[in-house]
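Chemist: Pasting a structure below so you can have a look.
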Amino acid sequence: QVQLVESGGGSVQAGGSLRLSCEASGSTFSVIAKGWYRQAPGKQRELVAEILRGGRTNYADFVKGRFTISREFAKSTVDLQMNSLKPEDTAVYSCRMSGVFSTYWGQGTQVTVSS
């Protein structure tokens, strides 16, 4: 079994920064993609950013230029540096790691941005 644990959420004023981290533990598996998703109250969960095994990254349009995803496969981690935060970035952020046959999610961490 694989467990993903996120850290780094919290409250910040608009324009501020936060860094989210996610670390996998437990059984090992071959990861092909790592990503961060978010879900705001009353909205569907949406992709924020993902990084593929080869290093290619994909970002949602609403975070391009503000957020940066990074990972260290050797450490089974994936981080999300969030700069220039806006109130509309307020949501529960969850990390996801996907292999060929399995997908794992973290429990989520709250990010609140006040104006």
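Chemist: When residues of the range 1-47 are filtered for being of a type in the set (F, W, Y), touching a residue at least 60 places away in the same chain (Cβ under 8 Å) and in a strand (DSSP E or B), how many remain?
Modeler: Result for the range 1-47: 1.
Chemist: So, in the range 97-115, how many residues would count as being of a type outside the set (S, T, Y), open to solvent by less than 50 Å² (accessible area, probe 1.4 Å) and outside any loop (DSSP other than H, G, I, E, B)?
Modeler: Here the count works out to 5.
Chemist: Mind checking which residues of the range 65-96 are part of a helix (DSSP H, G or I) and more than 27 Å from G26 (Cβ to Cβ)?
Modeler: Scanning the range 65-96 gives P87, E88, D89.
Chemist: Before we move on, is V48 at pLDDT 95 or above and not polar (S, T, N, Q)? Give the steps one after another, and end with the answer.
Modeler: Values: at pLDDT 95 or above: yes; not polar (S, T, N, Q): yes.
Answer is yes for this residue.
Chemist: Taking the range 17-37 as the region of interest, how many residues are open to solvent by 20 Å² or more (accessible area, probe 1.4 Å) and at pLDDT 95 or above?
Modeler: 5
Chemist: Kindly check whether there is at least one residue in the range 48-64 that is under 16 Å from S98 (Cα atoms), open to solvent by 60 Å² or more (accessible area, probe 1.4 Å) and not in a loop (DSSP other than H, G, I, E, B). Reasoning before the result, please.
Modeler: Step one: list which residues in the range 48-64 are under 16 Å from S98 (Cα atoms), which gives 48-58.
Next, only the ones that are open to solvent by 60 Å² or more (accessible area, probe 1.4 Å) stay: 53-54, 56.
Retained after the next criterion (residues that are not in a loop (DSSP other than H, G, I, E, B)): none.
Scanning the range 48-64, I find no residue that is under 16 Å from S98 (Cα atoms), open to solvent by 60 Å² or more (accessible area, probe 1.4 Å) and not in a loop (DSSP other than H, G, I, E, B), so the answer is no.
Chemist: Another one. Taking only the range 71-96 into account, find how many residues are open to solvent by less than 10 Å² (accessible area, probe 1.4 Å) and within 12 Å of E6 (Cα to Cα).
Modeler: 4
The values are calculated or read from the model by the stated rules, or taken from the named source; none is laboratory data. As the structure is a prediction and not an experimental result, all values here were calculated from the model. Note that we place each Cβ from the backbone using ideal geometry, even for glycine, and neighbour counts take in every protein chain shown. To get the accessible areas, we keep the full protein, side chains included, count just its heavy atoms, and leave off ligands, DNA and RNA. Shrake-Rupley method; radii C 1.70, N 1.55, O 1.52, S 1.80 Å.
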